[in-house]
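Only one structure is covered here, and it is reproduced in the block below.
The values are calculated or read from the model by the stated rules, or taken from the named source; none is laboratory data. Computed from a predicted structure; not experimentally measured. Neighbour counts are summed over all protein chains in view; Cβ atoms, including those assigned to glycine, are modelled from backbone coordinates with ideal geometry. Only protein heavy atoms, including side chains, enter the accessible area calculation; ligands, DNA and RNA are left aside. Shrake-Rupley method; radii C 1.70, N 1.55, O 1.52, S 1.80 Å.
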Amino acid sequence: MLIKMGKQIAKHKFLILLIGFLLLIPSLIGMVTTRVNYDLLSYLPETLETVKGQDIMVDEYGMGAFSMVVVENMELKDVQKLEKKFEAVDHVKDVLWYDDVADLNLPVQMIPKKLREGFFKGNATMMIVLFDNTTSSDESMNAVAEMRKLANKQCFISGMSGVVNDIKDVALDELPVYVVIAAVLSFLVLEFTTESFLVPVFFLLSIGIAIIYNLGSNVFLGQVSYITKALTAVLQLGVTMDYSIFLLNSYEEYKEKYTEDRNRAMGHAIASTFKAVVGSSVTTVAGFAALCFMTFALGRDLGIVMAKGVIIGVICCVTILPSLILAFDKQIEKTKHRPLIKSVDGASNFIIKHHWVWLIVFLVLLLPAVHGNNNIKIYYDIAKSMPSSLPSNVATDRLKKDFNMSTIHMVMMDSNMDSKDKRDMLKEIDNVEGVKWTISMSSLVGASVPESMIPKDVKSMLQSGDHELAFICSEYESATPKVNKQIAKINKITKNYDKTSMVIGEAPLMKDLEDVTNIDIQNVNIASIAAIFVIILIIFKSISLPVILVAIIEFAIAVNMAVPYYQGVSLPFVASIVIGTIQLGATVDYAIVYTNRYLKAVNIEWDVDLAEDLDSLPKDVQIPDGMTDTEEISDYLSNLTGFCHRGFGLKET
């Protein structure tokens, strides 16, 4: 069945290439129109209070994100003009500044201390810009970009929307660069290891087409994360390249058997490749699919796209690539050269001969690897991995320097809450370590001011029908133990006064991100190990082999993760989530292919006339991957040595 399918593919190679290249058109359209999400916090579960609070802000207040803007060495009247320009930017809901509660003619020294400390420090002033959509929305990011155009060198725009905007710019600039680097490096490796100058070109072309198909089909998902988009091309290139190499090796072997019929040789090669890579690709797909068990939706995003990419890669490997090789077979033959790396038999024989050395190395490295893997430092501050010269990071540094603050939390409380309880609650929050100040409606206009006299814009900014907001300034950075402890204390205080209250903002979201992903890492590792263990168990019908193969790869993962620990380097949380699963799924197929070859050694009884001929004939011959038919193996042995045999037995050793 598979051989017949392979022969049909070989026969209709030009039709397959035509269809393959035509499919690039909708794929490219899909790739361009698929929205890319640059905000990792948007992948948090919707059941979290912090996420629910963000939704309420959009629904009730008509705002979702905000930025802190620091202005240095500027006259107040000019700051006011800048404020008006910001307010005119599309999707800026409002701007909260000093002039919302006091006339500019009133000396700064005469306004309440809390407001003075919140809005002024030395020659710097701060305003809070509120957007009418969420942090990662195109509208908010475009608004930040427009504000940066309006601002001069004295103005610094911080906040998560600015960070997301910078991530977008960096990703768009650098993604093509490292994809090209990966392709060039792969090309050079293939030139060293293959025997034709053209073969690497067709390998990369076939895989490139598969990558475009994969990225184009993401349009059905609605959107993908920038991390998913960034990893897809490189991972798919690395993971599926082995399938292409396997097809070429099988084709070269069958060409020696079917010298006069290249299509027949390719048909057998396609069948052999498909049988060989199905088991290994299934384990790879299972490794990526395990990411879907994460409650942090980025895992599902990456898992679906990469699992889909492996499947598409296998399909292209047995359709597009063989068609390209057959269509340009003459040119491939003309550009053949001696392999630059002739043989690795020496290294292989050394490893086998000294296998006990590697067992000792394993035992020596085991405990340090496990220790390093379990104690690697992880950071959750997304901006930390970005260059310090980016506008958002520069603005954050100015915020720390001028106002000794790093982030702002918001408390969302019941608008019908007793006024005295509100004041008492905020007074308690003011006393929490690391809190610089709190600003609420009462602190802006004073507790004695009747509600009817509160300015309409201030009231709409801080109070909706059911909820009221208060801003809390923290001197601690997001995603740090100090701010997490601070948020926990604030949350406890607010719950004592109002059970329905929520503490929301960038830092609370980061805290939830850390809590969620810590659990996800364990769940994903267990799911991936279990899935791959079962698949190997089914393939080999052995209990010991899954244990051995998975244990070896888990050891390799521990060594990989331990290296940055002993270097004193911390890793972003995304790395800790995906490395284990991806490395397990991507390398277990090597173990399966190797074990397959190892299990298919053959003992042969050669049919010879002269006894001395037996000395030159091997007792065991390694059979090509995927060759399981007895008649096919018999022909292979005879063609290999030129001698017939009385029989042979497939022996598992």
request  = Only residues that are open to solvent by less than 10 Å² (accessible area, probe 1.4 Å), of a type outside the set (S, T, N, Q) and under 25 Å from the mean Cα position of the chain (by Cα): list them for region 478-520, please.
outcome  = G505, A507, P508, M510, L513, D520
task = For region 503-516, enumerate the residues that are on the phi < 0 side of the Ramachandran plot and in contact with a Gly (Cβ under 9 Å, 6 or more places away or on another chain).
result = V503, I504, E506, P508
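Okay, residues lined up against (1) small (G, A, S); (2) modelled with pLDDT of 90 or more; (3) surrounded by 15 or more Cβ atoms within 10 Å (Cβ to Cβ):
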{"residue": "L185", "(1), (2), (3)": "no, yes, no"}
{"residue": "F197", "(1), (2), (3)": "no, no, yes"}
{"residue": "G208", "(1), (2), (3)": "yes, yes, yes"}
{"residue": "I212", "(1), (2), (3)": "no, yes, yes"}
{"residue": "S217", "(1), (2), (3)": "yes, yes, yes"}
{"residue": "Y226", "(1), (2), (3)": "no, no, yes"}
{"residue": "L231", "(1), (2), (3)": "no, no, yes"}
Residue identified as part of a helix (DSSP H, G or I) and more than 30 Å from S576 (Cβ to Cβ) among L215, L237, L248, L231 = L248
query = Is it the case that A289 is modelled with pLDDT under 90 and open to solvent by 20 Å² or more (accessible area, probe 1.4 Å)?
reply = yes
request  = Would you please list the contacts, defined by Cβ atoms under 6 Å and residues six or more apart or on different chains, that run from a residue in region 46-64 that is under 18 Å from D498 (Cβ atoms) to a residue that is small (G, A, S)?
outcome  = M57/G64; E60/S464; Y61/S464
message = List the residue pairs whose Cβ atoms are under 6 Å apart, where the first residue sits in region 271-293 and is in contact (Cβ under 8 Å) with a residue 40 or more places away in the chain, the second is surrounded by fewer than 24 Cβ atoms within 10 Å (Cβ to Cβ) and charged (D, E, K, R), and the two are 6 or more positions apart or on different chains.
response = A276/D625; S280/D589; T283/D589; T284/D589
Wholly enclosed helices (runs of 4 or more DSSP H) of region 426-526 bearing at least 2 residues in contact with a strand residue (DSSP E or B) (Cβ under 6 Å, 6 or more places away or on another chain), modelled with pLDDT of 90 or more and polar (S, T, N, Q) = 481-497
query = Any residue in region 394-417 that is farther than 30 Å from L115 by Cα and either acidic (D, E) or not in a helix (DSSP H, G or I) (or both)?
reply = no
request  = Run down G30, G20, G6, G62 and say which single residue is small (G, A, S) and under 27 Å from S392 (Cα atoms).
outcome  = G62
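Could you say which residue among V108, V144, V89, V101 is surrounded by fewer than 22 Cβ atoms within 10 Å (Cβ to Cβ), at pLDDT 90 or above and touching a helix residue (DSSP H, G or I) at 6+ places or on another chain (Cβ under 8 Å)?
The unique qualifying residue is V89.
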request  = Residue by residue through region 130-167, note down the ones that are assigned to a helix (DSSP H, G or I) and closer than 13 Å to A383 by Cβ.
outcome  = M160, S161, G162, V163, V164, N165, D166, I167
